[in-house]
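Right, one structure below, let's go through it.
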Amino acid sequence: MTANTSPAINFRRGGSAAAQAEKEDNVSSSGRRGPDYFGIKEDGESLVVRLLTDHDEWIWVKQHSFVPTKPGPKDAEKWPEAMTSVCRYDEAFGGHYKDCYIDDAKIKSKWGKLASARVRVWALAIERELVRGDGTEALGGPAKQGVVIGVRDKIDEVDELGADGKPTGVKLNYPRILVINQPMKGFFSHLKAIHGLNGTVVDRDFQITRDGKGTDTEYKFAAIDPIRDPATQQNLIAPGTPAWDKYLQAVAEREISLDAVVADKASDEYYARFFDPSKTVDKEGNVVAVAGGAVGMINVQSTDGPADISDDLRAKIANLGAPTA
């Protein structure tokens, strides 16, 4: 087993920096379940979202996409054909990881091309939905039938957990939280442009429509006017408002950390579970060698992380693992 250390993570942030990095990159090469991932499967379909992570806080990393997974456990009911992973050589980890199986083994993507690491951006959002009049007086009467009259949160019902970590039988309702993981080009570049106009991207909803299939996919963005108080014209959903505080409370109560979500995609456990055939994850959650040789366990104590991270995040990255010898 290797030394008891954890990576000192320092994710790079900001839409402008991500756009420049992607440009250079292209030239050079149930319980309280977690959040859902943003995804629109069919050409022409749409989703309405409210960004929680503003432009300057977007996380960007070098990332491997559509990486074929190794065969799953015999008792696995479903097993993904391909997965995304954060490159373990990304500078955010400060050289903590000494290997990246996908790079080192020159793994090809499901499309048959080398699964080289490319810049991808991460953000949190709330999934919303358009409300249309149905002819009833409560929704605007006959004149508003079929017309969009508002936007509301989509809701997740999750189990309340007791002190023992088991469901209490009480159901809790939370706004549906999404993790968005997309490239700058064709996705976050649209939001970057809107940020340039308004100085923020969290003050309004966006209807996002998929255009294309497979790798030939882009997204069209329609900005929805901010929701304002008719009397004061104050934006009712923006940082500092009760509605925004409700979103932050949902993120906190569901213990969702964007940093931790991204960091997990580079962890020893993640690579051993889905990609590296020389390693596996045992029933206790430890990373072990498949045949001969010891590898670092993931359940180890961490050294002190950077001073600018929260105690909650520090606790999460303590379990990301130690580099193999």
* **Residues of segment 261-281 satisfying the condition of being of a type in the set (A, V, I, L, M) and either surrounded by fewer than 19 Cβ atoms within 10 Å (Cβ to Cβ) or farther than 14 Å from residue 93 by Cβ (or both)** => 261, 272, 281
* Do you know which residues across segment 37-78 are in contact with a helix residue (DSSP H, G or I) (Cβ under 9 Å, 6 or more places away or on another chain), under 30 Å from residue 249 (Cβ atoms) and not in a strand (DSSP E or B)? -> 52, 53, 54, 55, 56, 57, 58
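Quick one: which strands (runs of 3 or more DSSP E) lie wholly within segment 136-247 and hold at least 1 residues that are open to solvent by 40 Å² or more (accessible area, probe 1.4 Å)?
148-153, 155-161, 167-175, 206-213, 216-223
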* Asked: Taking segment 117-135 on its own, how many of its residues are outside any strand (DSSP E or B) and modelled with pLDDT of 95 or more?
  -> 1
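Could you please find all residues in segment 38-68 being among the β-branched types (Val, Ile, Thr) and either closer than 19 Å to residue 263 by Cα or open to solvent by 50 Å² or more (accessible area, probe 1.4 Å) (or both)? Break it down into steps so the answer makes sense when it comes.
Just the residues of segment 38-68 that are among the β-branched types (Val, Ile, Thr), to begin with: 40, 48-49, 53, 59, 61, 67.
Hits for segment 38-68 are 53, 59, 61, 67.
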* For segment 90-134, how many residues meet the condition of being surrounded by fewer than 21 Cβ atoms within 10 Å (Cβ to Cβ) and in contact with a strand residue (DSSP E or B) (Cβ under 7 Å, 6 or more places away or on another chain)? -> 15
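The values are calculated or read from the model by the stated rules, or taken from the named source; none is laboratory data. Computed from a predicted model, the values in this text were never measured in an experiment. Using ideal geometry, Cβ is built from the backbone for each residue, glycine included, and neighbour counts are taken over all protein chains shown. Only protein heavy atoms, including side chains, enter the accessible area calculation; ligands, DNA and RNA are left aside. Shrake-Rupley method; radii C 1.70, N 1.55, O 1.52, S 1.80 Å.
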